[in-house]
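Step one of this worksheet: look at the structure below.
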Amino acid sequence: QAQLVESGGGLVQPGGSLSVSCEASGFQNILSMNWYRQAAGKEREFVAAISSTGGKINYGTSVKGRFALSRVNGKNTMYLQMNSLKTDDTAVYYCHVHLDGIDYWGTGTLVTVSA
């Protein structure tokens, strides 16, 4: 059974750093993987994406230059290192995979940036 599990969220002060991770299981192949986030009262927003080989990475405009996405070679596991965090980064962060016309989502991990 396909499953995505996020971990690593928590509370951090503005300007601080935090890392979240996602492990996808139940898939036969190594996949491109994505992060999205959703703040309270707002629509879900694209954060970052990484190709199956890790050779191509894209970032949303609001996080470019502050976040760094990486993955474990040969595994469906990825890490999002978040630096210079702002209060606007407060959101539930979701791991996402799209395969054969189906969207798979994790349950999310909450990141709260607050003094």
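Worth a mention:
- In summary, strands (runs of 3 or more DSSP E) completely within segment 1-48 and bearing 3 or more residues that are surrounded by 12 or more Cβ atoms within 10 Å (Cβ to Cβ) and among the aliphatic types (A, V, I, L, M) occur at 18-25.
- There is at least one residue in segment 47-63 that is touching a Lys or Arg at 6+ places or on another chain (Cβ under 7 Å) and closer than 15 Å to CYS95 by Cβ.
- Selection status of VAL63, under 14 Å from the mean Cα position of the chain (by Cα), in a loop (DSSP other than H, G, I, E, B) and surrounded by 12 or more Cβ atoms within 10 Å (Cβ to Cβ): yes
- Residue that is surrounded by the fewest Cβ atoms within 10 Å (Cβ to Cβ) [pool: residues in segment 98-115 that are over 13 Å from VAL20 (Cβ atoms) and among the hydrophobic types (A, V, I, L, M, F, W, C)]: ALA115
- Residue check for LEU110: part of a strand (DSSP E or B) and either over 17 Å from MET33 (Cα atoms) or at pLDDT 95 or above (or both): yes
- Hey, THR90 modelled with pLDDT of 95 or more, open to solvent by less than 50 Å² (accessible area, probe 1.4 Å), of a type in the set (Val, Ile, Thr) and at negative phi or not: yes
- Among the candidates GLY8, GLY15, residue that is touching a residue at least 40 places away in the same chain (Cβ under 8 Å) and under 14 Å from the mean Cα position of the chain (by Cα): GLY8
- Sole residue being open to solvent by 50 Å² or more (accessible area, probe 1.4 Å), assigned to a strand (DSSP E or B) and either modelled with pLDDT under 95 or not hydroxyl-bearing (Ser, Thr, Tyr) (or both), chosen from ASN73, ASN58: ASN58
- For CYS95, the conditions (1) hydrophobic (A, V, I, L, M, F, W, C); (2) surrounded by fewer than 14 Cβ atoms within 10 Å (Cβ to Cβ); (3) in contact with a Gly (Cβ under 7 Å, 6 or more places away or on another chain) all hold with the exception of (2).
- SER52 more than 24 Å from GLY16 (Cβ to Cβ) and surrounded by 14 or more Cβ atoms within 10 Å (Cβ to Cβ): yes
The values are calculated or read from the model by the stated rules, or taken from the named source; none is laboratory data. Keep in mind that what you see is a predicted model, and the values were worked out from it rather than measured. For neighbour counting, all protein chains shown are included, and Cβ atoms are generated from backbone atoms with ideal geometry for every residue, glycine included. The accessibility values were calculated without ligands, DNA or RNA, using every heavy atom of the protein model including side chains. Shrake-Rupley method; radii C 1.70, N 1.55, O 1.52, S 1.80 Å.
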